[in-house]
Each structure stands twice: as C-alpha cells, then as structure tokens.
1. Identify, from the list Thr147, Thr202, the residue that is in contact with a Gly (Cβ under 9 Å, 6 or more places away or on another chain), in contact (Cβ under 8 Å) with a residue 40 or more places away in the chain and part of a helix (DSSP H, G or I).
2. Hey, among Gln170, Gln153, Gln159, which residue is surrounded by fewer than 18 Cβ atoms within 10 Å (Cβ to Cβ) and farther than 19 Å from Leu104 by Cβ?
3. Among (1) modelled with pLDDT of 95 or more; (2) of a type in the set (Gly, Ala, Ser); (3) open to solvent by 60 Å² or more (accessible area, probe 1.4 Å); (4) within 13 Å of the chain's Cα centre (by Cα), there is one condition Ser45 misses while meeting the rest; what is its number?
4. So which residues in the range 86-103 are within 22 Å of the chain's Cα centre (by Cα) and either more than 17 Å from Ala61 (Cβ to Cβ) or part of a helix (DSSP H, G or I) (or both)?
5. Can you name every residue in the range 109-128 that is buried (at least 22 other Cβ atoms within 10 Å of the Cβ) and farther than 17 Å from Met77 by Cα?
6. Determine whether the range 113-124 contains at least one residue that is part of a strand (DSSP E or B) and acidic (Asp, Glu).
7. I'm told Lys190 meets every condition in (1) open to solvent by 20 Å² or more (accessible area, probe 1.4 Å); (2) over 22 Å from Met77 (Cβ atoms) except one. Can you identify the failing condition by its number?
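The values are calculated or read from the model by the stated rules, or taken from the named source; none is laboratory data. All of these numbers come straight from a predicted model, not from anything done at the bench. As a convention, Cβ positions derive from the backbone with ideal geometry for all residues, glycine included, and neighbour counts pool all protein chains shown. To get the accessible areas, we keep the full protein, side chains included, count just its heavy atoms, and leave off ligands, DNA and RNA. Shrake-Rupley method; radii C 1.70, N 1.55, O 1.52, S 1.80 Å.
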Amino acid sequence: MTRIRTRLLGVTAASLFALSLAACGGSDDTASSSAATSAPAPSASEMTSTGTSGMDQPFGAACSAVPASGSGSFSGMAQDPVATAASNNPVLSTLVTAVKTAGLVDTLNGAKNITVFAPTNDAFAKLPPATLKAVLADKAMLTKILTYHVIGQKVTPEQLGTAGPFKSLQGGEVTVSGSGEDFTVNGDSKVVCGNVQTANATVYLVDTVLMPK
C-alpha cells in the first residue's frame, strides 16, 4: 500500500512539473509573439524609395515646403517617375510648366537613374518676367536650358561635392561644391532641398535656374 501511494505521489509530482514547464513555455511564446506584433512599423518619413529604413533622407531648409502627405510628398514622389512626381509638388509648378512646354515629360519619365537639379518656383521668379516669357516661347532654348539641369547618372549626396564636374544631357558640365547638407551648383545656385527620390531619379531642388554656357 505504501509503495502504491509513493508511486502515485511520484506520478502526480511529475505531472505537475510537466504542466508547469508547459505553462512557462506558453507564456514565453505568447510574450514573444506579443512583442513581435506590437513593434511599431517604420513611418513613411523613415522610408526611402527602396522601402528600407535608416537610409539617407531629404535635407535642406526648403524641404519644409514640400507637402507632408499625398502624391506631392516625399513618399508620394518616390512612387512616380520624375516629371510626374514634380507635377504633384506645388513647389515645382513653374518647372513643370516649362517641361510640358518643351515636350520633355516622356523623355524625363522614361530615363533611368538620372539626377535632376530642379529649380523651385522662387528660382524662376528671380528671372526678369520678360526673360522668362521669352524662354518659354522659344522651345529650342527652353529644351537646352532644361536638359542642362539633368545629369545622366545617379549622384548621391556623398558624390555631389566630390565626383564632379558632371556632364548634363544638354552636353555642358555642371559643377558642384560643398559637403554634408550644404551644396552650391555652378557657384551661385544653392541646393535648398536635396536627395529627394522619385521612381527613376534623385532630385536636388535649387534656388537659381542654371544657365548653360
């Protein structure tokens, strides 16, 4: 009788120990699952066009003028080719008008891995009204000016101030000086919002229209 009681007690203790281990294991699994599901996803501002976080982000004082959401925002522009992306951004409306007038929308949208120095509306406003009107009325001249703003290769911020001068689609060279987040193009045009990504281009917004020699 004593042996039977001892065996029963042994079986009961072993069963309780096994149940205790299972309960602990279940708690750990649940905690791990909960931690995995509760981890916050990266925000849109932390994402680049490649969809990974921790990459370089747009920089510059004028970046604050870019819409915070929608198709004209940084994340929205990253989904579209460059001419389409620019058309959704109110900061670049004059440039978009010029690109359409020159018939360059398909050319820019169809290019691969290009870099665009994009004059803002304020950059175009620096031109005398008569000069701007004359340029918009002369398609050949307009095309020459606009293609001078396009480099046929991807230029990262790290390369911007060190790897030039860069040959433009127009044929002339564009020089850039500076480092970090402070760059000047052709000596007098400042990059006011840099490293903006579109589906096919890296864009640097500049405060002065670049004029080829």
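1. Thr147
2. Working: Gln170 fails: farther than 19 Å from Leu104 by Cβ; Gln153 fails: farther than 19 Å from Leu104 by Cβ.
Gln159 is the lone residue from the list that is surrounded by fewer than 18 Cβ atoms within 10 Å (Cβ to Cβ) and farther than 19 Å from Leu104 by Cβ.
3. Going through the list (1) modelled with pLDDT of 95 or more; (2) of a type in the set (Gly, Ala, Ser); (3) open to solvent by 60 Å² or more (accessible area, probe 1.4 Å); (4) within 13 Å of the chain's Cα centre (by Cα), Ser45 breaks only (1).
4. Ala86, Ser87, Asn88, Pro90, Val91, Leu92, Ser93, Thr94, Leu95, Val96, Val99 - these are the residues of the range 86-103 that are within 22 Å of the chain's Cα centre (by Cα) and either more than 17 Å from Ala61 (Cβ to Cβ) or part of a helix (DSSP H, G or I) (or both).
5. Ala123, the sole residue that qualifies.
6. Within the range 113-124, none of the residues are part of a strand (DSSP E or B) and acidic (Asp, Glu).
7. Single failed check for Lys190: (2).
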